[in-house]
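The block underneath contains the structure these notes are about, expressed in structure tokens.
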Amino acid sequence: MIQELFTPSVQHWLDLVGIFVFAISGALMAVRKNWDVFGIAVLAEVTALGGGLFRDLIIGAVPPAAFTDLGYFITPLIAAALVFFLHPEVERTQTAVNVFDAAGLGLFCVTGTTKAYDYGLGLTSSAALGVATAVGGGVLRDIIANEVPSLVRWDRDLYAVPAMVGTIIVVLCIRYDALTSVTSGVAVVTAFVLRLLAMRYHWRAPRAWNRRSSTTEVTDEVV
Amino acid sequence: MIQELFTPSVQHWLDLVGIFVFAISGALMAVRKNWDVFGIAVLAEVTALGGGLFRDLIIGAVPPAAFTDLGYFITPLIAAALVFFLHPEVERTQTAVNVFDAAGLGLFCVTGTTKAYDYGLGLTSSAALGVATAVGGGVLRDIIANEVPSLVRWDRDLYAVPAMVGTIIVVLCIRYDALTSVTSGVAVVTAFVLRLLAMRYHWRAPRAWNRRSSTTEVTDEVV
Amino acid sequence: MIQELFTPSVQHWLDLVGIFVFAISGALMAVRKNWDVFGIAVLAEVTALGGGLFRDLIIGAVPPAAFTDLGYFITPLIAAALVFFLHPEVERTQTAVNVFDAAGLGLFCVTGTTKAYDYGLGLTSSAALGVATAVGGGVLRDIIANEVPSLVRWDRDLYAVPAMVGTIIVVLCIRYDALTSVTSGVAVVTAFVLRLLAMRYHWRAPRAWNRRSSTTEVTDEVV
């Protein structure tokens with residue numbers, strides 16, 4: 001590790017909180033799909049650890065933290081157990097999935113970017129990997145649940161942009177030597193709140209310019 | 001490699017047998033889907049090598065055995081060729097997929113766990129990676145075939161539990177210094193038989209506790 | 001790196017051209033699916049970089065070029081921007097996806113094989129990894145777009161064979177010490193043209209021999 005942007009314990013706790021909230025979102029998705037207790041545990045683990053595993057494989061941090069630190073493995077199981085007994089009514093699970101997913105998005109875009117930079121990647125690459133870490137778990141969750149990932153659906157509210165904004169704040173702080181617990185907290189909260197606002201006010205991104213056809217080939221995907 | 005639980009040749013043969021039976025299950029799934037000869041070969045390779053590739057990337061054993069040992073690459077092709085000419089009637093392919101998949105599950109939960117431990121992971125992490133190795137190929141097979149993985153479906157019989165039991169036997173044997181060809185064979189057979197029994201008697205896991213809604217949002221997935 | 005089959009700049013330019021054409025194919029698929037501008041950018045990046053990322057993880061070239069070389073990251077964004085403004089009529093996007101995908105297939109089967117061989121893999125393993133590099137991005141694109149990959153569908157024209165032929169030409173050239181810019185260009189063009197011919201004349205591979213059932217379990221997949 002070239003340098004340490006945070007003390008290891010701060011990085012560790014931010015990671016665990018991000019893992020916990022992503023695990024909640026995965027477990028709730030499994031409840032919504034009516035899967036059994038193992039399906040809930042698996043989707044909690046995959047959603048929570050998927051983005052970080054991808055990041056660790058890319059930067060060559062093997063074996064990844066998810067397999068060397070018991071806390072990373074057990075945290076999603078605790079989240080799965082909580083959801084198993086205490087999940088909201090099924091009608092409200094989608095909203096709950098989205099809120100916990102937004103919190104994970106905010107936390108992981110910060111920890112993903114800083115860990116990538118710690119391992120010697122440049123600022124742009126660290127930002128790209130930070131966004132990939134933040135969105136990776138959710139994309140895997142949606143693929144396993146056989147849904148088109150929210151990340152790419154036009155009929156879903158902005159998803160990548162909040163993570164990008166959080167990442168850009170972190171990268172600017174690193175560039176100007178201003179990354180502290182406070183500024184990284186600001187980045188987390190900014191990404192989280194932007195995602196919540198995007199969902200509340202249905203902010204959307206434009207589709208391809210001048211789409212010269214009325215063919216609706218995606219009918220089966222617009223639920 | 002820190003230590004060698006098995007002689008290399010025992011590990012190697014167990015691996016090849018596991019690869020062969022998983023490849024059969026993948027090739028049969030491709031026949032059931034009515035894919036062409038290349039689809040059969042690809043699904044055989046992915047199912048057979050997917051779990052082990054994931055394990056090798058995680059423990060940092062690169063390039064993975066699948067790409068350095070010709071036997072690992074050719075075995076799935078032999079399985080695909082056998083299935084191409086000798087597959088059972090299509091109505092019976094699903095049962096055959098499941099039986100060969102169960103054999104692979106038993107073999108890979110043992111070889112996955114021991115290889116992870118050989119590379120210095122702790123016992124709990126080795127067990128987690130062993131289960132991931134065992135279920136990984138089947139999950140990839142189901143994703144590529146555009147099906148919800150058996151691993152997580154509530155309407156499917158227990159899948160992860162047999163792999164977990166086999167893994168726990170291996171881990172206990174390692175812990176008490178009792179891992180031999182015989183005890184690891186017991187672990188393989190236990191996992192295999194448990195999975196067969198789970199399919200025969202439709203053992204299932206509970207779904208989320210107190211699911212307060214009659215909404216059946218999963219209608220499209222319960223085939 | 002054991003040896004250098006090409007000068008780094010030739011390898012680099014071939015890679016960038018392959019990334020560009022695959023990115024075009026991914027962006028066009030996203031337009032066809034009616035995704036928004038971020039969906040277009042994401043599918044362009046994943047399609048363009050997926051195969052190479054897989055190759056780099058397998059051979060242990062971490063962090064992969066995709067995350068250390070800005071050109072690899074920015075090229076797909078340029079392709080996405082071009083498609084965003086200049087895509088063809090939606091009815092023609094599928095053909096355009098296929099043509100650009102064929103060009104990427106030709107380029108990546110050559111660069112994938114040579115890079116794997118540079119990193120010390122044997123000839124057969126290099127060929128296998130070259131084919132995996134060539135088809136990997138397209139498979140990921142299709143999985144994220146929730147389609148059964150063209151690679152395995154019986155009702156699609158030959159896909160893997162052109163990549164295999166290109167790879168075999170490269171491997172023979174390496175074996176007989178005849179790999180030059182010219183011979184590798186021949187391999188690229190051969191794979192590209194074979195794929196175009198396969199699409200033009202609907203060359204298909206046989207399905208399982210003596211399929212003893214009229215059951216059409218794949219009805220839902222034959223679009």
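The values are calculated or read from the model by the stated rules, or taken from the named source; none is laboratory data. Fair warning: this is a prediction, and the values are worked out from it, not measured in the lab. Here Cβ is always computed from backbone atoms with ideal geometry, including for glycine, and neighbour counts include all displayed protein chains. For accessibility, only protein heavy atoms count, side chains too; no ligands or nucleic acids. Shrake-Rupley method; radii C 1.70, N 1.55, O 1.52, S 1.80 Å.
Some observations on this one:
- Residues of segment C:58-76 whose accessible area (probe 1.4 Å, heavy atoms of protein chains only) drops by at least 30 Å² once all protein chains are present, relative to their chain alone: C:Ile58, C:Val62, C:Pro63, C:Phe67, C:Leu70, C:Phe73.
- Using only side-chain charges placed at the Cβ, +1 for Lys and Arg and -1 for Asp and Glu, the dipole size of segment A:8-200 relative to its Cα centre rounds to 280 debye.
- Nearest-10 value in Å² for the accessible area of B:Tyr117, using the 1.4 Å probe: 50
- Contact order relative to length of segment B:102-180, as percent, for alpha carbon pairs under 8 angstrom and 6 or more apart: 35
- Each 10 Å bin, from zero up to the one with the longest distance, holds this percent of the alpha carbon pairs of segment A:8-200: 10, 40, 36, 12, 1.
- Segment C:24-104, relative contact order in percent, only Cα pairs under 8 angstrom and at least six apart counted: 46
- Helical segments meeting 15 Å axial Cα length and Kyte-Doolittle 1.6 threshold in chain A (DSSP H): A:37-59, A:70-86, A:160-175
- Solvent exposure ordering (accessible area, 1.4 Å, most first) of A:Arg32, B:Arg204: B:Arg204, A:Arg32
- Efficiency of FRET between C:Val189 and C:Gln94 - r from beta-carbon atoms, R0 22 angstrom, step 0.05: 0.40
- Surface accessible to a 1.4 Å probe, C:Ile168 within the full protein complex, Å²: 90
- Solvent exposure of C:Arg141, expressed as accessible area, is near 10 Å², computed with a probe of 1.4 Å over the protein chains only.
- Taken about its Cα centre, the protein assembly as shown carries a charge dipole of about 760 debye when Lys and Arg each add +1 at the Cβ and Asp and Glu each add -1 at the Cβ.
- Residues of chain B were split at every exposed loop site, defined as GluC sites (Glu not before Pro) in a DSSP loop with at most 13 other C-beta atoms within 10 angstrom, and the longest piece left, sites excluded, is B:90-223.
- Total charge dipole magnitude, segment A:1-108, about the Cα centre, Cβ charges on Lys, Arg, Asp, Glu only, Debye to nearest 20: 160
- Against the criterion of solvent-accessible heavy-atom surface with a 1.4 angstrom probe, B:Val10, B:Val131 sort, most first, into B:Val10, B:Val131.
- The overall shape of the protein assembly as shown is rounded: from the C-alpha gyration tensor, with semi-axes ordered a ≥ b ≥ c, the ratio a/c is less than 1.5.
- Applying 1/(1 + (r/R0)^6) with r as the Cβ-Cβ distance of B:Tyr176 and A:Glu147 and R0 = 30 angstrom yields a FRET efficiency of 0.10.
- Only helical runs count toward this figure. For the protein assembly as shown, summing -39,500 (n - 2.57) over DSSP H runs of n ≥ 4 and dividing by all residues gives -24000 deg cm²/dmol at 222 nm.
- Take each residue of peptide A:45-55, count the partner chain Cβ atoms within 10 Å of its Cβ, and average: the result is 1.
- Using C-alpha pairs under 8 Å with a sequence gap of at least 6, the mean separation divided by the residue count of chain C gives a relative contact order of 23 percent.
- Per residue of C:142-148, other chain Cβ atoms within 10 Å of the residue Cβ number 5 on average.
- Mean accessible surface per residue for the protein assembly as shown, computed with a 1.4 Å probe while every protein chain stays in place, in Å²: 39
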